[in-house]
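Reading through the structure tokens given below for one structure.
The values are calculated or read from the model by the stated rules, or taken from the named source; none is laboratory data. What you are looking at is a predicted structure, and each value in this text was computed from that prediction instead of being measured. Cβ coordinates were reconstructed from backbone atoms using ideal geometry, including for glycine residues, and neighbour counts include every protein chain displayed. To get the accessible areas, we keep the full protein, side chains included, count just its heavy atoms, and leave off ligands, DNA and RNA. Shrake-Rupley method; radii C 1.70, N 1.55, O 1.52, S 1.80 Å.
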Amino acid sequence: MQPARRTLWLWVAATLSLGLSLTPWGKLLLYPFKLFTTWVHECGHALVTLMVGGTVSSIVIEPDTSGVTRSLLPAGRMARGLVASSGYLGASVVGCLLMAATRVEKWARAVVWTVGALMLLTLVVWMRNLFGFVVVLAWGAGLVALARKAGGEASRFVLSLLAIQVDGGHSDAETMATLFLLPAWLWASAWMLVSVGMLAWTLWMTRVRNQQWAGPNQ
């Protein structure tokens, strides 16, 4: 596969996302992707909660794209700080992984199916409000169906859209400010710098570096 073709769907997705965001109906058309981002964000909190020895009781996704993960955490600022940071940084990690998966057509379908299956799993295990249930069910079933029915190119395009749209939230910065006294804007800025660094590294490893080393028949 030619290096230029590997980046095609990513650029198409970025251009489409930017174009839609500038239209009067952009917020409506991109709304489902904002809800997907909320799911990623809240699952980041839930996963790290389990990693630090806590328990997750529920995840709620609201129509205004906000979300809440209800959990019990071990005592201590460190555990709470890790969980608070995991929403924003977790979304950045997922975005980079989705971006990397767009490079290989045969990987794209498997990744789409995996994301859809994980959404359906969290639906059963954690989702506890009707709106969130419908959103996660629709996304999960849609991604699984796409992986089964559509080709690899369609899967790469969808992954590119998801990678572009996945973002983090800023409300967790206030939690970090309460825990560690540093101002919320500083935490938000630090997370943004880490996210930009991860994105730059992902682009370098999956695009620039491979173009430098790729042979003419690759």
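Numbers below:
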item	result
Accessible area per residue in Å² at 1.4 Å probe, computed on region 97-137	53
Leu137-Lys27 pseudo-label distance in nm [points 7 Å out on the Cα-to-Cβ vector]	2.8
Peptide ranges 65-77, 111-123 listed from the most packed, as the mean C-beta count within 10 angstrom indicates	111-123, 65-77
Segments 140-146, 84-90 sorted - mean Cβ within 10 Å per residue, highest first	84-90, 140-146
Reachable lysines from Lys149, criterion Cα separation under 27 angstrom, eight or more residues apart if same chain	Lys34, Lys106
Linear extension gain, Met51 paired with Lys149, 0.36 nm per residue minus alpha-carbon span	31.8 nm
Heavy-atom accessible surface of region 74-142: percent carbon and sulfur, 1.4 Å	76
Efficiency of FRET from Cβ geometry, Lys106 and Ser58, R₀ 41 Å, rounded to 0.05	0.70
Amide H partners (placed H, <5 Å) of Ser71, local residues excluded	Ser57
Karplus-derived HN-Hα couplings along region 133-142 (A = 6.51, B = -1.76, C = 1.60, θ = phi - 60°), whole Hz, x at Gly and Pro	4, 5, 4, 5, 4, 5, 5, x, 5, x
Value of Rg/Rh across region 65-164 [Cα atoms, Kirkwood radius]	1.04
